[in-house]
Each structure stands twice: as C-alpha cells, then as structure tokens.
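Below is one structure, written out as structure tokens; the observations come after it.
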Amino acid sequence: MAAKLKKGDRVVVLSGKDKGKTGIIAFVDPKAGKAVVEGVNIAIRHTRQSQATQGGRLPKELPIDISNLAYVDSEGRRTRIGFRFVDGKKVRYAKSTGESVNA
C-alpha cells in the first residue's frame, strides 16, 4: 500500500496526550506504521555525560502511530488523502478540497 503521509507534510494529532497539536513530519517508518512529528509526543531522555556530549535531561520526539495523524490541507482543516492518476502519474490529493498535495 502506498504511503499517504510523507516527510514534510503538515499533520494534526487525532488522539493521545497531544491531541489537537499540529506539526510537520520529520521521519516516517512505513514498515512499523509510525512517524516522528516535530514538537509532538516529546519525552525526556536522561543521558550520561561523556567527553563528547554534555548529558542531562534531553527532550526527544518519539514516534507516533500514523493512524493517529491526519493531513492538514491548505485551508487549515484536517482531511484524508486519496490517490488519482494525472497525466499517467499517481498523485496524492486532499479529499476535502480536491486539490493535489505537492509533497
């Protein structure tokens, strides 16, 4: 199945502790069905100091399930993504507005 959400897409979180927050996808793992969104699902990781790094409490963005994310269209509303063929190429489009997604 083709990936409906890709790196660089603006998304909104549908459920969980960060419900309603928006962000841009930084990384997608289609095999696991998870994505890392900037500023969402942040956890504190404690790291030991070494010669190379300072150490301490470092915030880290953890993966969130793709099913808990929805694409945000150009009008700022959440929408689903569909596929259609334009000039022989498979293109993603926003189902609410019908316009193509260019990411």
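Here are some notes:
- Residue list for segment 48-103, restricted to those being small (G, A, S), part of a loop (DSSP other than H, G, I, E, B) and within 22 Å of F27 (Cα to Cα): S74, G76, A103
- For the residues V91, V101, the requirement of being within 19 Å of E38 (Cβ to Cβ), of a type outside the set (G, A, S) and in contact with a strand residue (DSSP E or B) (Cβ under 6 Å, 6 or more places away or on another chain) singles out V101.
Okay, residues lined up against (1) of a type outside the set (D, E, K, R); (2) touching a helix residue (DSSP H, G or I) at 6+ places or on another chain (Cβ under 8 Å):
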| residue | (1), (2) |
| --- | --- |
| R10 | no, no |
| S15 | yes, yes |
| K21 | no, no |
| G39 | yes, no |
| R57 | no, no |
| L69 | yes, no |
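- The number of residues in segment 44-65 that are of a type in the set (A, V, I, L, M, F, W, C) and within 17 Å of the chain's Cα centre (by Cα) comes to 2.
- Positions within segment 5-21 being open to solvent by 80 Å² or more (accessible area, probe 1.4 Å) and either closer than 22 Å to D73 by Cβ or modelled with pLDDT of 95 or more (or both), in sequence order: K6, K7, R10, K19, K21
- If you filter segment 78-103 down to residues that are under 11 Å from K4 (Cα atoms) and at pLDDT 90 or above, you find that the one that is most open to solvent (accessible area, probe 1.4 Å) is R80.
- Residue within segment 56-77 that is among the aromatic types (F, W, Y), in contact (Cβ under 8 Å) with a residue 24 or more places away in the chain, closer than 19 Å to N102 by Cβ and open to solvent by 40 Å² or more (accessible area, probe 1.4 Å) present: no
- Among the residues of segment 22-48, the one identified as open to solvent by 80 Å² or more (accessible area, probe 1.4 Å) and of a type in the set (D, E) is E38.
The values are calculated or read from the model by the stated rules, or taken from the named source; none is laboratory data. Just so we're clear, the structure is a prediction, and the values are computed from it rather than from any experiment. We place every Cβ from the backbone using ideal geometry, glycine too, and count neighbours over all the protein chains shown. All accessible areas refer to the heavy atoms of the entire protein, side chains included, with ligands and DNA or RNA removed. Shrake-Rupley method; radii C 1.70, N 1.55, O 1.52, S 1.80 Å.
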